[in-house]
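Inspection log for the structure reproduced underneath, given as structure tokens.
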Amino acid sequence: MHICIRCPLRDGGGARTGETHGFWLERTRATLSAVAGAVETSVVETAVEGRSPRQIFWLRFRQDRAALAGGIVVLILILLAIFAGVISHDIIGHDPNTVYDNMTDEYSIPKGPNWSFWFGADASGRDLFVRVIYGARTSLMVAGIATTISMTVGITIGVIAGYYRGFVDTIVMRLSDVVLALPQLLLAIGIASACGSSPQGCLGGVVQPGLSLVIFVISAFTWPYIARIVRSTTLSLREKEFVEAARSLGASDTRIIVREILPNLVAPITIWATLLIPSNILFEAALSFLGLGVPIDTPSWGQALSNAANNGLYKDAPWLMIFPGVVLVLTTLAFNLLGDGLRDALDPRSER
């Protein structure tokens with residue numbers, strides 16, 4: 001900043017000139033003080049405030065509009081699944097398993113959407129909209145429980161393998177390689193067929209036909225993905241300075257894993273959970289489409305698509321395929337967008 005100060009020329013009077021110089025000297029000091037105060041105030045006002053990790057995450061996440069849209073869709077689906085009973089009984093007034101004869105014609109072809117049946121009726125004359133929102137409850141419940149089980153198993157195995165390495169790491173990783181090498185869909189069909197054919201189920205009655213069987217099949221084939229991610233992250237974390245410091249202070253392996261390793265796994269675990277849920281939803285829909293998933297009286301998106309495909313009924317009643325299919329695609333897309341947004345917001349190396 002440049003300050004130009006004009007001083008009057010000497011006009012012959014010594015005393016007058018001295019007074020003038022004194023006046024301008026005082027004025028210059030006042031000006032410099034005012035400028036210094038303004039600069040100091042500007043620096044204080046424009047100083048960057050410290051932000052917590054939560055504030056940084058939200059600042060980065062809210063910039064991703066696609067992730068926000070995906071989160072809103074996921075929230076709406078969760079609310080529909082929770083209040084499916086209230087919506088069907090108190091608002092729509094239809095039960096998911098009640099057959100309405102007036103919604104099929106004389107050729108047993110279901111009728112399309114109207115003011116009472118928003119998505120039309122299915123092949124049996126049941127309210128398709130009610131069955132779709134109940135199907136959201138089924139799909140989210142199966143995917144959520146299966147993801148929780150696979151995450152628990154994968155995190156436990158991955159942390160143990162990554163922290164202790166050596167022989168334990170070799171055994172665990174070879175086991176996960178074997179599971180990943182198996183033809184998952186064919187093996188899942190075989191397990192579902194074998195365990196669903198008997199009322200006693202499998203494993204001495206531990207796995208019963210129905211939802212528990214579907215959850216068991218999905219969990220059995222998804223834990224290796226989590227185990228490999230957690231193992232690789234743990235291998236990197238165990239060499240960090242804060243882990244070495246805790247070890248030098250005499251902390252036990254259990255304390256290091258619980259207090260130092262696991263808190264730093266929250267971000268990748270959260271991201272992979274949101275990306276694993278849609279794949280589990282599709283897995284459940286595939287089993288239900290093949291008739292090996294949830295029971296017949298339990299609404300499911302895959303079961304609705306299977307009913308539409310039987311005997312080419314979707315050609316005369318396309319809404320049987322459109323509405324469950326669109327909801328299934330939107331759910332998968334919403335979870336994937338949300339997972340991508342969480343990954344960008346939680347990854348400090350991301351440029352977004």
Query - Odd one out for Val207, checked against (1) out of contact with any Leu (no Cβ under 8 Å at 6 or more places or on another chain); (2) among the β-branched types (Val, Ile, Thr); (3) surrounded by 17 or more Cβ atoms within 10 Å (Cβ to Cβ); (4) modelled with pLDDT under 85 - result: (1)
Requested in this report: Would you mind stating whether Phe83 is of a type in the set (Phe, Trp, Tyr) and modelled with pLDDT of 65 or more?
Outcome: yes
Query raised in the report: How many residues are without any contact (Cβ under 8 Å) to a residue 60 or more places away in the chain, surrounded by 14 or more Cβ atoms within 10 Å (Cβ to Cβ) and over 30 Å from Leu338 (Cβ atoms) when one looks only at the stretch 66-110?
Result: 5
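Residue-by-condition table, conditions (1) hydrophobic (A, V, I, L, M, F, W, C); (2) surrounded by 19 or more Cβ atoms within 10 Å (Cβ to Cβ); (3) touching a Lys or Arg at 6+ places or on another chain (Cβ under 9 Å); (4) part of a helix (DSSP H, G or I):
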{"residue": "Gly125", "(1), (2), (3), (4)": "no, no, yes, no"}
{"residue": "Val130", "(1), (2), (3), (4)": "yes, yes, no, yes"}
{"residue": "Ser139", "(1), (2), (3), (4)": "no, yes, no, yes"}
{"residue": "Thr148", "(1), (2), (3), (4)": "no, no, no, yes"}
Query - For Asp297: the one exception among (1) open to solvent by 70 Å² or more (accessible area, probe 1.4 Å); (2) in a helix (DSSP H, G or I) - result: (2)
Requested in this report: Among the candidates Val327, Val294, single out the residue that is closer than 18 Å to Val73 by Cβ and either among the hydrophobic types (A, V, I, L, M, F, W, C) or under 25 Å from the mean Cα position of the chain (by Cα) (or both).
Outcome: Val327
Query raised in the report: Given the conditions (1) surrounded by fewer than 13 Cβ atoms within 10 Å (Cβ to Cβ); (2) modelled with pLDDT of 55 or more; (3) basic (Lys, Arg), which single one is not true for Arg10?
Result: (2)
Query - Lone unmet requirement of (1) in a helix (DSSP H, G or I); (2) at pLDDT 85 or above; (3) hydrophobic (A, V, I, L, M, F, W, C) for Ala34 - result: (2)
Query - Selection count, the stretch 152-168, where residues are of a type outside the set (Phe, Trp, Tyr) and open to solvent by less than 20 Å² (accessible area, probe 1.4 Å) - result: 5
Report summary line: When restricted to Ile256, Ile218, Ile281, Ile277, the only residue open to solvent by less than 20 Å² (accessible area, probe 1.4 Å) and in contact with a Phe, Trp or Tyr (Cβ under 6 Å, 6 or more places away or on another chain) is Ile218
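The values are calculated or read from the model by the stated rules, or taken from the named source; none is laboratory data. Given the structure is predicted, the values throughout are model-derived calculations rather than measurements. Backbone-built Cβ (ideal geometry, glycine too); neighbour counts: all protein chains shown. Heavy atoms of the whole protein, side chains included, go into the accessibility calculation; ligands, DNA and RNA do not. Shrake-Rupley method; radii C 1.70, N 1.55, O 1.52, S 1.80 Å.
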